[in-house]
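The values are calculated or read from the model by the stated rules, or taken from the named source; none is laboratory data. It should be emphasised that the depicted structure is a prediction, and the values quoted were computed from it without experimental measurement. Here the Cβ positions follow ideal geometry from the backbone for every residue, glycine too, while neighbour counts run over all protein chains shown. What goes into the accessible areas is simple: the full protein's heavy atoms, side chains included, and nothing from ligands, DNA or RNA. Shrake-Rupley method; radii C 1.70, N 1.55, O 1.52, S 1.80 Å.
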Amino acid sequence: MNFWFAVLRQAGRNLKQTWTSQFMTFLTVSLSVLIFAFFYLIYTNMLGAGDRLNDELRLIVYLEEEPGPAMQMQLRRKIENFDDVEEIIFISKEAAYKRFAKQLGEDSDVLDDMPKNFLPASIEVVPLKGLRGYNQIKLFSEYLASLPGTEKVQYGQEWVERFYYFTRLLTIVVLLSGTLLILTATFMVAYTIRLTIMGRQDELELLKLVGATNSYIRTPFLIEGILQGFMGSIIGLSALYGLFRWIISHFTGPGILHIFQFDFFPPIVIFIIILCSISLCSIGSYTSIRKFLKI
Amino acid sequence: MSSQESTEEAMASGNTMIEMIKVSRTYHPNITALSEISLSIETGEMFFLIGPSGAGKTTLLKLISNMEVPTKGLIEIAGHNINKLKGNKLAYLRQKIGVAYQDFKLLNDRTVAENIAISMEVSYKNPKTIKKQVRDLLDQLQLTDKHNSLTGELSRGEQQRVALARSVANSPRLILVDEPTGNLDASTTKRVMELLNRSKQAGATIVIATHDASIYKQGKHRVMELRNGVIHSLTRGNT
């Protein structure tokens, strides 16, 4: 019989003896992983969607008058003075009219009675890809609004603002659920191991008497913690994957999920979540061993 | 050489198994259990401790197995100061010491076989060897039919024999037994003593604390009588 066979058997005995509290801890860890991973999955998908939206972000500067070539040069210089931009496109009143008519498609005949210059001239500014933060965009739009001859700047402020605040809220929820995971994984496992140790004082005393080494006595408790973390995270993530598949199959029609590309975690993130869960449960287990298992 | 191997070699080869020099043990607040005990026990010797209840016999055995620490004095087992050993070194030494105390220290929710096997499991013995050794010991102590019984369901005499079987199961070099025949009839006492004698013949040193004159008066073993924590006499049996 080797060391690992002996300690695994001992761990099995521990699990069997205190299976009710072990099962409750396992459920708590699974649920914590599920809650954390659920919010984290939404968060990462929102970030991805935000990135894609940012790629298509354009600031439209409506002008009071159509600028001549000299004025265009001046405005271009002014805009580039603030920051480098990806692209600056000047749209004349006529070009705006044509665009609008094209967008209306078959209904473009509603414009027949309208003059060709009823839409304002504008400048379409495509910011650099690095200009991601909401505050940066806001600052840029304020700068553009202060340019002479500017009537209004539009970039879907309300939508961008809501999206930004929702992402911030999600960050807080992810942090809170992460804290919940840390607390449950460490404290619940520590508490269960403590119960096991208390319930097996006689056996531990006997093991010391017959010459069991410290590792022989301690390792099974550590294995319990590792198992709780591993099994808890596997079950939590599997439940989340089930939920993800269900959402995908039920909400793939026109709707918000149709707009956003909704992806599950890549393998590396799954691996990191499992590793974190194992580490947290092992820390809980180790704390109890150090505190209550006097050898 | 690993510390496990060196412990084993020291216990097998040395001439003196137990060396106690001026050992005292005092309990709070001021109760002296043992006072200035000096004693040498040779390797392979069977040594008897006698004396009235409360004389200090059990305390002496617990000091030898390091379950208690002396207030003063030196205790060496096979040349190792047992109170200075820690961690794995102490564990390996304890693997070579078999103990059966009066409180038995059995796991009542485990079977008889599991209780005996525990002392071999900590030394990572082969499961087949463990199984065979358990059956042999149960056979020798007339407990074969109790193999799968929970120890909590046994009589005190049976529990005593299980504790004794566990103490000799791992072929220890030193066996410490406290009142091994206290709850047993004459024929079972004989079997128990046969078992301990077989261990002695295999080279083990045996220290037995007892009130039972019938076991220490046979043969020419040394018998030490304790009274009020001090050595009252040290004689040879049958003299």
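The table that follows gives values for the structure above.
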{"read-out": "Residue tally, condition within 30 Å of A:Val126 (Cβ to Cβ), hydroxyl-bearing (Ser, Thr, Tyr) and surrounded by 15 or more Cβ atoms within 10 Å (Cβ to Cβ), over region A:155-199", "value": "3"}
{"read-out": "Filter result (open to solvent by less than 70 Å² (accessible area, probe 1.4 Å) and out of contact with any helix residue (DSSP H, G or I) (no Cβ under 9 Å at 6 or more places or on another chain)) within region A:131-148", "value": "A:Ala145"}
{"read-out": "Single match in A:Phe265, A:Phe230, A:Phe244, A:Phe187 (criterion: outside any helix (DSSP H, G or I) and in contact (Cβ under 8 Å) with a residue 24 or more places away in the chain)", "value": "A:Phe265"}
{"read-out": "Residues within region B:137-152 that are part of a loop (DSSP other than H, G, I, E, B) and farther than 17 Å from B:Phe104 by Cα, tallied", "value": "3"}
{"read-out": "So A:Glu151, is it assigned to a strand (DSSP E or B), away from chain B (no Cβ under 14 Å) and surrounded by fewer than 19 Cβ atoms within 10 Å (Cβ to Cβ)", "value": "yes"}
{"read-out": "Considering residues of region A:209-227 that are part of a helix (DSSP H, G or I), open to solvent by less than 60 Å² (accessible area, probe 1.4 Å) and within 14 Å of another protein chain (Cβ to nearest Cβ) only, the residue nearest to B:Ser119 (Cα to Cα)", "value": "A:Leu209"}
{"read-out": "Strands (runs of 3 or more DSSP E) wholly inside region B:27-99 that include at least 2 residues being open to solvent by 30 Å² or more (accessible area, probe 1.4 Å)", "value": "B:31-42, B:72-77"}
{"read-out": "B:Gly87 vs. criteria on the phi > 0 side of the Ramachandran plot, out of contact with any Cys (no Cβ under 9 Å at 6 or more places or on another chain) and away from chain A (no Cβ under 14 Å)", "value": "no"}
{"read-out": "Residue in region B:168-189 that is small (Gly, Ala, Ser), more than 14 Å from chain A (Cβ to nearest Cβ), touching a His at 6+ places or on another chain (Cβ under 8 Å) and in contact (Cβ under 8 Å) with a residue 24 or more places away in the chain present", "value": "yes"}
{"read-out": "Close pairs (8 angstrom Cβ cut-off, 6 or more residues apart or separate chains): among the basic types (Lys, Arg) in region B:140-156, in a helix (DSSP H, G or I) anywhere", "value": "B:Lys146/B:Val112; B:Lys146/B:Leu138; B:Lys146/B:Glu158; B:Lys146/B:Val162"}
{"read-out": "Residue among A:Leu280, A:Leu257 that alone is touching a helix residue (DSSP H, G or I) at 6+ places or on another chain (Cβ under 8 Å), assigned by TED's automatic domain parsing to the domain that holds A:Ile35, in a helix (DSSP H, G or I) and modelled with pLDDT under 80", "value": "A:Leu257"}
{"read-out": "Hits in region A:135-162 - residues which are within 20 Å of A:Asn81 (Cα to Cα) and within 23 Å of the chain's Cα centre (by Cα)", "value": "A:Asn135, A:Gln136, A:Ile137"}
{"read-out": "Complete set of residues in region B:110-125 that are part of a loop (DSSP other than H, G, I, E, B), at the interface with chain A (Cβ under 8 Å from one of its Cβ atoms) and not polar (S, T, N, Q)", "value": "B:Val122, B:Tyr124, B:Lys125"}
{"read-out": "Filter result for the condition that a residue is away from chain A (no Cβ under 14 Å) and not charged (D, E, K, R), over B:Ile37, B:Ile97", "value": "B:Ile37"}
{"read-out": "Answer from B:Lys128, B:Lys146 - the residue that is closer than 23 Å to A:Tyr216 by Cα and either open to solvent by 60 Å² or more (accessible area, probe 1.4 Å) or more than 11 Å from chain A (Cβ to nearest Cβ) (or both)", "value": "B:Lys128"}
{"read-out": "Residue that is open to solvent by less than 70 Å² (accessible area, probe 1.4 Å) and within 30 Å of A:Pro266 (Cβ to Cβ), where the choices are A:Leu75, A:Leu128, A:Leu63, A:Leu47", "value": "A:Leu128"}
{"read-out": "Only listed residue being without any contact (Cβ under 8 Å) to a residue 24 or more places away in the chain, open to solvent by 60 Å² or more (accessible area, probe 1.4 Å) and within 30 Å of A:Gly232 (Cα to Cα), chosen from A:Lys102, A:Lys98, A:Lys16", "value": "A:Lys16"}
{"read-out": "Complete set of residues in region A:105-130 that are in contact with a Leu (Cβ under 8 Å, 6 or more places away or on another chain) and modelled with pLDDT under 85", "value": "A:Val110, A:Leu111, A:Pro127"}
{"read-out": "Residues being of a type in the set (Val, Ile, Thr) and over 9 Å from the mean Cα position of the chain (by Cα) - total across region B:165-193", "value": "4"}
{"read-out": "Residue check, B:Lys105 within 12 Å of another protein chain (Cβ to nearest Cβ), modelled with pLDDT of 90 or more and at positive phi", "value": "yes"}
{"read-out": "Residues within region A:105-152 that are among the acidic types (Asp, Glu) and in contact with a strand residue (DSSP E or B) (Cβ under 6 Å, 6 or more places away or on another chain), tallied", "value": "2"}
